[in-house]
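K.L.:
This is the structure I want to talk about, given as structure tokens.
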Amino acid sequence: MNTLSQAYWESRVESLKVVRFQAQQIRDALFELVETNDDPKIKSEVECLATYELENFELLLGMTIWYDILFAVNSVSKNLQSKDMCINMVIEQLKGLLSFFETYRENRFENAFFFQKNCFVKKEPVINKKQFDENIENEDIKSPQELFRIDYFLYIVDKAITTLQNRFEQFKIYEDIFCFLFSIKNLKLLDCVLLKEKCLNLEKYLKHDNLLDLNGLDLFSELNILKGDYRIEKW
């Protein structure tokens, strides 16, 4: 991720942070503006924003969930910008992020719900009920809170987990192909048979049609020399 897109996502996190933690103060400020402003158009627009947006419990709960998700993703993204970041460190970062999302999926909806409910002091929070087909028999009628958890929270988190799992698996493939080149320590752990196999596999991976970026057998010979002539401390 380049610097521009990193700044873009950080700005989104900061925008959500304000609403997540200061929704009540923002509502109060908007209602005060309604009381003190003489422009009918401004008064109407501000009152609509305060009443129908910042007093919309579903919207605020959704923003709380998105803040938690984007904050975690943005934190890992910033770590990945490190100049000394290598593929095995990327994999560890992605593994940690996956673990966060799996835990978040199982345990954190109730936390987000009650956090936002405690901030929603002006009136009892309401989550709209869905319309059900009255002709459907034996349908398990779920509470509005449970429907929101299934249709919104789980949908978003599961999408994030699937995306991260795909990225994680892709990096694992890259690690398997390239990691023996990362250091002399990795190299010395391989016997000749396995080293030759990895060099030929790298040749195959980098091959395009009949064009070769490298010769696996030549690489194997060169790495065998490195293994024998260089001490670990000098790599």
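K.L.:
(1) modelled with pLDDT of 85 or more; (2) among the basic types (Lys, Arg); (3) surrounded by 13 or more Cβ atoms within 10 Å (Cβ to Cβ): which one isn't true of ARG20, the others all being true?
P.N.:
(1)
K.L.:
Residues being part of a helix (DSSP H, G or I), without any contact (Cβ under 8 Å) to a residue 24 or more places away in the chain and touching a helix residue (DSSP H, G or I) at 6+ places or on another chain (Cβ under 6 Å): count how many of those fall in the stretch 20-47.
P.N.:
Of the residues in the stretch 20-47, 6 are part of a helix (DSSP H, G or I), without any contact (Cβ under 8 Å) to a residue 24 or more places away in the chain and touching a helix residue (DSSP H, G or I) at 6+ places or on another chain (Cβ under 6 Å).
K.L.:
Right, another one. Please determine whether any residue of the stretch 179-191 is touching a Cys at 6+ places or on another chain (Cβ under 7 Å) and not hydroxyl-bearing (Ser, Thr, Tyr).
P.N.:
Start the filter on the stretch 179-191 by keeping residues that are touching a Cys at 6+ places or on another chain (Cβ under 7 Å), which leaves 182, 186.
Adding the requirement that they be not hydroxyl-bearing (Ser, Thr, Tyr) leaves 182, 186.
Yes, because at least one residue in the stretch 179-191 is touching a Cys at 6+ places or on another chain (Cβ under 7 Å) and not hydroxyl-bearing (Ser, Thr, Tyr).
K.L.:
What's the total number of residues in the stretch 76-106 that are among the hydroxyl-bearing types (Ser, Thr, Tyr) and surrounded by fewer than 15 Cβ atoms within 10 Å (Cβ to Cβ)? Quick ask: steps written out before the conclusion?
P.N.:
First pass over the stretch 76-106, keeping only residues among the hydroxyl-bearing types (Ser, Thr, Tyr): 77, 82, 99, 103-104.
Next cut, surrounded by fewer than 15 Cβ atoms within 10 Å (Cβ to Cβ) only: 82, 99, 103.
The qualifying residues number 3.
K.L.:
Here's a follow-up. What single numbered condition from (1) at pLDDT 90 or above; (2) more than 30 Å from ILE127 (Cβ to Cβ) fails to hold for GLU102?
P.N.:
(2)
K.L.:
Regarding the stretch 51-63, can at least one residue be identified that is surrounded by 16 or more Cβ atoms within 10 Å (Cβ to Cβ), at pLDDT 90 or above and of a type in the set (Asp, Glu)?
P.N.:
no
K.L.:
Additional query: Tell me yes or no: at least one residue of the stretch 169-192 is at pLDDT 80 or above and of a type in the set (Ser, Thr, Tyr).
P.N.:
yes
K.L.:
Of the residues LEU147, LEU164, which single one is modelled with pLDDT of 90 or more, in the same structural domain as TYR67 (by TED's automatic domain parsing) and buried (at least 16 other Cβ atoms within 10 Å of the Cβ)? Let's see the steps before the verdict.
P.N.:
Details: LEU147 fails: buried (at least 16 other Cβ atoms within 10 Å of the Cβ).
From the options LEU147, LEU164, the qualifying one is LEU164.
K.L.:
Now, a different point. Say whether the condition of being part of a helix (DSSP H, G or I), free of Cβ contacts under 8 Å to residues at least 40 places away in the same chain and surrounded by 15 or more Cβ atoms within 10 Å (Cβ to Cβ) is met by at least one residue in the stretch 206-214. Break it down stepwise before answering.
P.N.:
Filtering the stretch 206-214 down to residues part of a helix (DSSP H, G or I) leaves 206.
Now narrow it down to the ones that are free of Cβ contacts under 8 Å to residues at least 40 places away in the same chain: 206.
Retained after the next criterion (residues that are surrounded by 15 or more Cβ atoms within 10 Å (Cβ to Cβ)): none.
Looking through the stretch 206-214, none of the residues is part of a helix (DSSP H, G or I), free of Cβ contacts under 8 Å to residues at least 40 places away in the same chain and surrounded by 15 or more Cβ atoms within 10 Å (Cβ to Cβ).
K.L.:
Same structure again: More than 18 Å from ARG20 (Cα to Cα), modelled with pLDDT of 90 or more, surrounded by fewer than 16 Cβ atoms within 10 Å (Cβ to Cβ) and not hydroxyl-bearing (Ser, Thr, Tyr) - does that describe any residue in the stretch 107-124?
P.N.:
Taking every residue of the stretch 107-124 in turn, none turns out to be more than 18 Å from ARG20 (Cα to Cα), modelled with pLDDT of 90 or more, surrounded by fewer than 16 Cβ atoms within 10 Å (Cβ to Cβ) and not hydroxyl-bearing (Ser, Thr, Tyr).
K.L.:
Let me ask you something else. For THR103, state whether it is in the same structural domain as ILE150 (by TED's automatic domain parsing), touching a residue at least 12 places away in the same chain (Cβ under 8 Å), hydroxyl-bearing (Ser, Thr, Tyr) and not in a loop (DSSP other than H, G, I, E, B).
P.N.:
Details: in the same structural domain as ILE150 (by TED's automatic domain parsing): yes; touching a residue at least 12 places away in the same chain (Cβ under 8 Å): no; hydroxyl-bearing (Ser, Thr, Tyr): yes; not in a loop (DSSP other than H, G, I, E, B): yes.
Spelling it out, it is not the case that THR103 is in the same structural domain as ILE150 (by TED's automatic domain parsing), touching a residue at least 12 places away in the same chain (Cβ under 8 Å), hydroxyl-bearing (Ser, Thr, Tyr) and not in a loop (DSSP other than H, G, I, E, B).
K.L.:
Among the residues of the stretch 189-204, how many are within 25 Å of GLU92 (Cβ to Cβ) and either in contact with a Lys or Arg (Cβ under 6 Å, 6 or more places away or on another chain) or surrounded by fewer than 14 Cβ atoms within 10 Å (Cβ to Cβ) (or both)? Spell out the reasoning first.
P.N.:
Looking only at the stretch 189-204, we keep the residues that are within 25 Å of GLU92 (Cβ to Cβ), and these are 189-190, 194-195, 198, 201-202.
Within this subset, residues satisfying the condition of being either in contact with a Lys or Arg (Cβ under 6 Å, 6 or more places away or on another chain) or surrounded by fewer than 14 Cβ atoms within 10 Å (Cβ to Cβ) (or both) are 189, 194.
Total satisfying the criteria: 2.
The values are calculated or read from the model by the stated rules, or taken from the named source; none is laboratory data. These figures come from a predicted structure and were not determined experimentally. Methodologically, a virtual Cβ is constructed for each residue, glycine included, from the backbone with ideal geometry; neighbour enumeration extends over all protein chains shown.
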